[in-house]
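Engineer: The structure that follows is given in the form of structure tokens.
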Amino acid sequence: MNSRLFAAAFLLGSGTVLASCGGNSEEPVEQQAPEGVEGLSIENPRLILPAVAGNPGVVYFDLVNDSDRNYAVRRADVEGAGRTEMHGSMEMYDGEIAMSPVGPQTVMANDTFTFEPGGFHVMVFDLSPELQAGGETEMTLTVAGGDKASFAVPIQSPGDAR
Ligand SMILES: [Cu+2]
């Protein structure tokens, strides 16, 4: 009985991968390990608190993909943030940096995708007062297909080096 269940789950899972290329919207409940995406890790994570309370903060990190498949990161949720957005940055003609929300970002197989000042980053809105410099929170990345991976993110005050 059990082996049949697992076989069905496996078929469902591989179907999801194929269908995601076509941009399907209905995703079956995940049958894989509850936490973790194979080969995906982050380095140098940090959440920078806003200088003015009530303003958004920002999260930077290096997304390391040690696997042989590409991952499209669909969303990044941060514990203690009411809302998050993935942003890209662009330098304007006057030297100002403009940023705007972006769609899923792909970290290629055996590559690293950097979220950094002046580049891609995760904006965090409606921050809980429990997020304090020197503390830590958790960020959960969701990749195309629905798998999630959670990582600890140290919290820094706005004056710290980024
Ligand atoms: Cu931003």
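Bear in mind that the values in this text are calculations on the coordinates, not laboratory data. In this text the structure is predicted, and so the values were computed from the model without any measurement. Note that each Cβ is placed from the backbone with ideal geometry, even for glycine, and that neighbours are counted across all protein chains shown.
Engineer: Take the alpha carbon atoms of region 29-162, find their radius of gyration, then divide it by 2.2 N^0.38 Å using N residues; give the quotient. Walk me through the numbers on the way to the answer.
Structural biologist: Details: Rg = 14.8 Å, N = 134, 2.2 N^0.38 = 14.1 Å.
Its radius of gyration relative to the 2.2 N^0.38 Å reference: 1.05.
Engineer: Cut-off 17 Å, label point 7 angstrom out along Cα-to-Cβ of residue 70: give me the residues of region 96-136 whose amide nitrogen falls inside.
Structural biologist: What the label zone holds, given the 17 Å backbone N cut-off, is 103-114.
Engineer: Want the number for residue 150 to residue 46: 0.36 nm per residue separation, take away the alpha-carbon distance, what's left?
Structural biologist: Contour length minus Cα-Cα distance gives 36.1 nm.
Engineer: To continue, here is another question. How many percent of all Cα-Cα pairs in region 35-77 sit more than 17 Å apart?
Structural biologist: Result: 45 percent of Cα pairs exceed 17 Å.
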